[in-house]
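Each remark here refers to the structure printed beneath this line.
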Amino acid sequence: GEYNFNKLFQNTDEGRRGVPNGRYRHLQLNADGLKGPEILPDAGQQRIVVYGASEAFGIYESAGKEFPRVLEAELNARSPNTEYEVINGGIPGMRVGSGITFLRDLSLRLNPSVVVIYPTPTHYIGVTQAQCGRAVGKSVAEHQLLPKSRVAGKLKDQVELILPRNLINWLQKAVIGWQTRNQEVLERISADSLQAFEVDLKCLVATVRELGIQPVLSTHANRFGETAQNDSPWLTGWRFQYPFLRESGFIDLEQRANNTIRKVAQSEKVPLVDAAAVLSGRTEWFVDHAHFNDAGAAMIATVMAPVVIENLQHALSRQNTQT
């Protein structure tokens with residue numbers, strides 16, 4: 001059979017879901033098909049769900065070092081009188097809008113008090129219609145130069161470990177050139193794509209509130225900050241995943257999308273974690289264009305923890321008042 005990242009996921013009637021107890025390389029899912037330890041029996045602990053894509057899921061961090069796990073440790077260290085359990089609701093490739101059904105199902109079953117939303121703006125490249133409520137589709141396709149087989153997949157993993165970065169970069173540029181040879185390439189994403197992103201954010205916030213849960217929004221961090229050289233190998237690697245947007249368009253997209261997230265947080269009165277303001281441009285916290293290493297995951301968890309604690313207290317006060 002195949003041996004690649006998609007081995008961790010399956011298509012169901014409800015959309016893309018994790019394979020219970022799935023494993024690939026150092027990545028392992030629990031019995032619920034979620035990244036992280038088994039979900040604890042309900043014993044009065046305060047549950048927080050982190051909703052997002054591969055950055056939340058955790059691709060490159062050491063086992064147990066992805067930011068939802070570190071966030072749980074931070075919360076418990078800061079509030080020793082309260083027990084917190086953080087559920088990793090990240091699915092790689094999941095758009096803000098297309099995972100709403102997944103989040104609803106997860107929330108109804110686990111009854112979290114807070115949902116932390118970490119959006120991935122690049123998932124809206126070429127998307128002009130809001131995805132609100134649609135099923136989670138397949139994760140972003142891997143570009144493979146070898147046939148899909150278990151042996152080829154393992155060989156590809158080993159080759160990536162030993163090839164020089166400049167050679168990998170050259171191969172990526174060659175693949176990008178071949179894929180885009182007969183098609184239009186965007187200089188920047190359209191206003192319609194950004195509008196779809198905004199509509200989905202608002203739809204998600206409304207859904208979380210309908211479930212009686214406190215939403216918390218976060219901006220999206222990247223290794224570049226406000227500027228990047230178009231020939232940066234990391235920027236080429238980013239475009240390798242989304243070949244139909246020029247390199248310069250990614251920084252423009254990040255800035256516009258993060259401003260949209262800030263605008264939605266203000267207009268909908270949602271607490272905001274401005275991760276981009278703290279982490280973006282700090283190359284030491286990223287493995288590639290936007291995925292964290294252990295240090296980066298620890299930093300974003302540190303930034304999120306006080307916002308989550310403050311708004312969890314507000315949520316509990318409202319619940320007590322309603323009761």
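The values are calculated or read from the model by the stated rules, or taken from the named source; none is laboratory data. As the structure is a prediction and not an experimental result, all values here were calculated from the model. Neighbour counts are summed over all protein chains in view; Cβ atoms, including those assigned to glycine, are modelled from backbone coordinates with ideal geometry. Remember, those area values only see protein heavy atoms, side chains included, never the ligands or the DNA or RNA. Shrake-Rupley method; radii C 1.70, N 1.55, O 1.52, S 1.80 Å.
Tabulated results
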item	result
Most fluctuating residue given options Tyr24, Tyr84, Tyr118, as computed from a GNM of the chain linking Cα atoms under 10 Å	Tyr24
Highest-fluctuation residue, Asn11, Asn258, Asn88 considered, GNM on the chain with Cα pairs under 10 Å	Asn11
Size of charge dipole - the chain - debye, nearest 20, with Cβ of Lys, Arg +1 and Asp, Glu -1, no other charges	540
Diffusion constant of the stretch 59-128 at 37 °C, which comes from Stokes-Einstein with the Kirkwood Cα-pair radius and 0.692 mPa s, µm²/s	234
Residue among Ala73, Ala56, Ala257 with the largest mean-square fluctuation in a Gaussian network model of the chain, springs linking Cα atoms under 10 Å	Ala73
Sites Gln129 and Ala206, calculated FRET efficiency, Cβ-Cβ separation with R0 22 Å, nearest 0.05	0.80
Amide H partners (placed H, <5 Å) of Val287, local residues excluded	Phe292, Asn293
Within the chain, longest stretch clear of exposed trypsin sites (Lys or Arg not before Pro) (DSSP loop, no more than 10 other Cβ within 10 Å)	1-180
Protein-only accessible surface order, largest first, of Tyr242, Tyr60, Tyr124 at 1.4 Å	Tyr60, Tyr242, Tyr124
Pairs of Lys in the chain closer than 29 Å at Cα, counting only those 8 or more apart or on different chains	27
